[in-house]
Amino acid sequence: MASVQEFARRVIDNVERVIVGKRTVVELAVIGLLSQGHLLIEDVPGVGKTMLARSLARSLGCSFGRLQFTPDMLPSDVTGVSIFNQKTMEFEFRAGPIIDEINRATPKTQAALLEAMEERQITVDGVTHALPKPFMVMATQNPVEYEGTFSLPEAQLDRFLMRINLGYPAMKDEIEVLDRQQYHHPVEDLQPVAETEDVLAAQESIKSIYVAPAIKEYIVRLVQQTRQHSDIYLGASPRASLTLYRSGQARAALYARDFVLPDDIKAIAPAVLAHRLLMSPSARLRNVAPEDVAVAILEGVPVPESKSTQGTNR
C-alpha cells in the first residue's frame, strides 16, 4: 500500500498549496477519489468549495469541466447534444461538462446527472455514451441561500459518496491565504502531480485491502442503526454500507495499511452517512442535525476488538 499512500500524499500536499489549513477535508476528498465516488461540497460562499474541486482536478492531470448551474439550464447542457455536421452529413455528439451550486438547477436538470453518476454513462437521442475513466462529480452547494434553489432529492443525494464541509479558516490560516494571494491566485501555478494511469492504478489497488468480518459487521450495524433511530424517518440504504466499506479501504491505504481498522470507519462515517438521513418531523422541529445523529450512532455501536480486525490468518 506504500505506492497508494505515496500517490495520495503527493496529491494532498499539492492541493494544500491552495486550500490552507484543511488537511482533513482534503484527505476526505482524496478518499472519495480513491473510492471512485462523487463529492458534494456544501458550505457558505467564499470558503473555497470550487477551489477545492479545481485544485484536485489540476493535481491529477485529468480533464476538468466546470458547469455553473442556473434555473434555466436544460438537461442537454449537462449531458451534451447531437449536432448535425453539414460537411460529413452526419450527427456528431458534443459532450457537455459533467458543478457549481447544484441546487440551483431544476429537478429535471439534476436528474440528468443520475445516469452519469451511477452508471458512468449518458444516453442522448437513444445512444449511450460511456464516460471516460476516471469520472468524478464534485458538486458544490450553498446551504444558507434558498432563493431560486431546488433541494436535491434523496435519490440524488444517495449517489454522492460523501458530503464534506470546509468551514471558516483559523486566523493564522486566513492570514496565510492573504499572503499567498498577494499577487495572483496559487491555483494558477498548480501543476499535475499524477497521471490518469496513477489514479486508475490506485483505485484498483485499494480493492485488495483486507476487511475483517468484524469490521464488515460493524459497518452494517452502523447503517442498520440509522434505520432504527427515533429521530430518523428514512435511514441509509445498502449503498451506504458499500460506501463505508470502500472508503474504509481507501483510508487504510492512505495510512499505508493493508487492513481496515474501526478508526477508519469512524473517521469517514459522518461524511458518508449524514446526507443520506431523512430526519423525522419532530427532529426537524427540535433542529436536530443529521450529523449529530450520525455521531451519536457511532458512540452507541460497540467497536470491534483490535485482535479481530487485522486478519492474521489471511
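Of all residues in segment 13-47, those satisfying the criterion of being in contact with a Lys or Arg (Cβ under 7 Å, 6 or more places away or on another chain) and either in a helix (DSSP H, G or I) or of a type in the set (Ser, Thr, Tyr) (or both) are ILE31, SER35. Would you check if there is a residue in segment 226-237 being at pLDDT below 95, closer than 14 Å to MET162 by Cβ and either touching a Lys or Arg at 6+ places or on another chain (Cβ under 9 Å) or not basic (Lys, Arg) (or both)? Yes: segment 226-237 contains one or more residues that are at pLDDT below 95, closer than 14 Å to MET162 by Cβ and either touching a Lys or Arg at 6+ places or on another chain (Cβ under 9 Å) or not basic (Lys, Arg) (or both).
Confirm whether VAL272 is β-branched (Val, Ile, Thr) and within 23 Å of GLN156 (Cβ to Cβ). It is true that VAL272 is β-branched (Val, Ile, Thr) and within 23 Å of GLN156 (Cβ to Cβ).
Consider segment 189-243 and keep the residues that are assigned to a loop (DSSP other than H, G, I, E, B) and among the polar types (S, T, N, Q). The one that is surrounded by the most Cβ atoms within 10 Å (Cβ to Cβ) is SER237.
Could you give me the residue pairs with C-beta distances under 6 Å whose first residue belongs to segment 252-280 and is under 12 Å from ILE232 (Cα atoms), whose second residue is outside any loop (DSSP other than H, G, I, E, B) and among the acidic types (Asp, Glu) wherever it lies, and which are 6+ apart or on separate chains? Hits for this filter: ALA274/GLU291. Examine segment 276-291 for a residue that is of a type in the set (A, V, I, L, M) and in a helix (DSSP H, G or I), and state whether such a residue exists. Looking through segment 276-291, at least one residue is of a type in the set (A, V, I, L, M) and in a helix (DSSP H, G or I). ALA252 satisfies every condition listed in (1) out of contact with any strand residue (DSSP E or B) (no Cβ under 7 Å at 6 or more places or on another chain); (2) at pLDDT 95 or above except (1).
For segment 223-245, residues that are in contact with a Leu (Cβ under 8 Å, 6 or more places away or on another chain), within 19 Å of ILE31 (Cα to Cα) and not hydrophobic (A, V, I, L, M, F, W, C) total 1.
The values are calculated or read from the model by the stated rules, or taken from the named source; none is laboratory data. As the structure is a computational prediction, the values presented were derived from the model and not from experiment. No Cβ is skipped: glycine too gets one built from the backbone with ideal geometry, and neighbour counts run over all protein chains shown.
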